[in-house]
Amino acid sequence: MQITADHVISFLELVAERIKEQRDYLTRLDAAIGDADHGVNLDRGFSTVMSKLPSATDRSISGLLKLTGMTLISTVGGASGPLYGTAFLRAGTAIGDRETIGPNELITALSAALEGIQTRGKATRGEKTMIDAIAPAIDTLKEQYAASGDLLAAMRAAVAACEQGMIATEPMLATKGRASYLGERSIGHRDPGAASAYLMAQAMLAVLERA
Ligand code: ADP
Ligand code: MG
Ligand code: MG
């Protein structure tokens, strides 16, 4: 399976659409343990990405990912903008000037994205952040692809792991980001960033299923 720039555009369009649909859900999650802006923040960011896409001059995979990353950093105030922005920038850099990418390059790009989030936010697993959804998903993707060589099956398993990781943030005590200000009161709520990461994982699977 080869992934093209058109697949990346479909992915970005689907993420923008899903974030818009789920904006109030994400914001409600953030109202419980943050400042009630996560859905609004990401919708602003991905809507701006959509408005920039038609006139983008570098329409390569890495060009599209870098445009997304820079747009998220400059338009999504809040913690999630620089974190997701760095993730897209790192993924773009990891892909370089390839016109299409296969499963191994996809895995490399996703791993680079996660590393970017960890470097930027200094969080590790178990701190009730987006990392708790993203890291198990990438682990599963790597393991399942290495075992079966079937990217689609591996991605389905990764999305399931992402969902489990998102749900697993509910009993966690937040020790990074705004939710950490609540201390024990952060327990019992789903992390908004883990929920948005799961939406992005679902969008990635949907695009691969159509590819
Ligand atoms: P803000 O908290 O600044 O209002 P958002 O509401 O848009 O920003 O995003 C909050 C989400 O960002 C959290 O739910 C969490 O998943 C993620 N987050 C916050 N700090 C970190 C961090 N240091 N590392 C990883 N993710 C983080
Ligand atoms: Mg917030
Ligand atoms: Mg905020």
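Say whether the condition of being within 16 Å of ligand 3 (Cβ to nearest atom), touching a helix residue (DSSP H, G or I) at 6+ places or on another chain (Cβ under 6 Å) and closer than 30 Å to Gln2 by Cβ is met by at least one residue in the stretch 127-134.
There is at least one residue in the stretch 127-134 that is within 16 Å of ligand 3 (Cβ to nearest atom), touching a helix residue (DSSP H, G or I) at 6+ places or on another chain (Cβ under 6 Å) and closer than 30 Å to Gln2 by Cβ.
When the residues of the stretch 77-108 are narrowed to those that are of a type in the set (A, V, I, L, M, F, W, C), away from ligand 3 (no atom under 16 Å from the Cβ) and in contact (Cβ under 8 Å) with a residue 40 or more places away in the chain, which ends up surrounded by the most Cβ atoms within 10 Å (Cβ to Cβ)?
Step one: of the stretch 77-108, the residues of a type in the set (A, V, I, L, M, F, W, C) are 79, 83, 87-89, 91, 94-95, 101, 106-107.
Those still in the list that are away from ligand 3 (no atom under 16 Å from the Cβ) too: 87-89, 91, 94-95, 101, 106-107.
Still in the running and in contact (Cβ under 8 Å) with a residue 40 or more places away in the chain: 101, 106.
Details: Ile101: 23, Leu106: 21.
Out of the qualifying residues, it is Ile101.
Sort through Thr71, Thr57, Thr27, Thr48 and tell me the only one that's in a loop (DSSP other than H, G, I, E, B) and among the β-branched types (Val, Ile, Thr).
The unique qualifying residue is Thr57.
When only residues in the stretch 40-76 that are without any contact (Cβ under 8 Å) to a residue 24 or more places away in the chain and surrounded by 17 or more Cβ atoms within 10 Å (Cβ to Cβ) count, which is nearest to ligand 2 (Cβ to nearest atom)?
Here the answer is Val40.
Quick check on Leu173: is it more than 23 Å from Gln22 (Cα to Cα) and touching a residue at least 24 places away in the same chain (Cβ under 8 Å)?
Working: more than 23 Å from Gln22 (Cα to Cα): yes; touching a residue at least 24 places away in the same chain (Cβ under 8 Å): yes.
Yes: the conditions hold for Leu173.
Determine which single condition Arg28 fails, assuming it passes every other condition in (1) buried (at least 23 other Cβ atoms within 10 Å of the Cβ); (2) more than 10 Å from ligand 1 (Cβ to nearest atom); (3) over 30 Å from Ser60 (Cβ atoms).
Looking at each condition in turn, Arg28 falls short on (1).
Suppose we keep only residues that are aliphatic (A, V, I, L, M) and farther than 19 Å from Ala160 by Cα within the stretch 114-133. Which one would you say is surrounded by the fewest Cβ atoms within 10 Å (Cβ to Cβ)? Lay out the reasoning, then the answer.
Of the stretch 114-133, the ones aliphatic (A, V, I, L, M) are 114, 117, 123, 130-131, 133.
This time we only want the ones that are farther than 19 Å from Ala160 by Cα, so: 117, 123.
Working: Ile117: 25, Ala123: 22.
The qualifying residue surrounded by the fewest Cβ atoms within 10 Å (Cβ to Cβ) is Ala123.
For the stretch 152-165, check the following and say yes or no: at least one residue is in contact (Cβ under 8 Å) with a residue 60 or more places away in the chain and surrounded by fewer than 24 Cβ atoms within 10 Å (Cβ to Cβ).
Initially, the stretch 152-165 is screened for residues in contact (Cβ under 8 Å) with a residue 60 or more places away in the chain, giving 152.
Still in the list and also surrounded by fewer than 24 Cβ atoms within 10 Å (Cβ to Cβ): 152.
For the stretch 152-165, residues in contact (Cβ under 8 Å) with a residue 60 or more places away in the chain and surrounded by fewer than 24 Cβ atoms within 10 Å (Cβ to Cβ): present.
Provide a single number: the residues in the stretch 160-176 that are among the small types (Gly, Ala, Ser) and in contact with a Ser or Thr (Cβ under 6 Å, 6 or more places away or on another chain). Even if it seems obvious, please write down each step before you answer.
We begin by selecting, within the stretch 160-176, every residue among the small types (Gly, Ala, Ser); these are 160-161, 165, 168, 174.
Those still in the list that are in contact with a Ser or Thr (Cβ under 6 Å, 6 or more places away or on another chain) too: 161, 174.
Residues in the stretch 160-176 being among the small types (Gly, Ala, Ser) and in contact with a Ser or Thr (Cβ under 6 Å, 6 or more places away or on another chain): 2 in total.
Could you please find all residues in the stretch 166-193 being closer than 22 Å to Asp43 by Cα, surrounded by 23 or more Cβ atoms within 10 Å (Cβ to Cβ) and within 16 Å of ligand 3 (Cβ to nearest atom)?
Gly177, Ala179, Asp191, Pro192, Gly193 - these are the residues of the stretch 166-193 that are closer than 22 Å to Asp43 by Cα, surrounded by 23 or more Cβ atoms within 10 Å (Cβ to Cβ) and within 16 Å of ligand 3 (Cβ to nearest atom).
Hey, among the residues in the stretch 32-43 that are within 10 Å of ligand 1 (Cβ to nearest atom) and part of a helix (DSSP H, G or I), which one's farthest from Lys20 (Cα to Cα)? Spell out the reasoning first.
Within the stretch 32-43, the first condition is being within 10 Å of ligand 1 (Cβ to nearest atom), and the residues that meet it are 33-42.
The next check asks that each one be part of a helix (DSSP H, G or I); those that pass are 33, 38-42.
Values: Ile33: 21, His38: 11, Gly39: 8, Val40: 8, Asn41: 10, Leu42: 8 Å.
Restricting to residues being within 10 Å of ligand 1 (Cβ to nearest atom) and part of a helix (DSSP H, G or I), the top hit is Ile33.
So Lys122 clears everything in (1) more than 16 Å from ligand 2 (Cβ to nearest atom); (2) touching a helix residue (DSSP H, G or I) at 6+ places or on another chain (Cβ under 9 Å); (3) free of Cβ contacts under 8 Å to residues at least 60 places away in the same chain except one condition, right? Which one?
(2)
A short reminder: the numbers here are calculations on the coordinates, not readings from a lab. Because the structure is a prediction, the values reported are computed rather than measured. In this analysis, Cβ positions are derived from the backbone assuming ideal geometry, glycine residues included, and neighbour counts consider all displayed protein chains.
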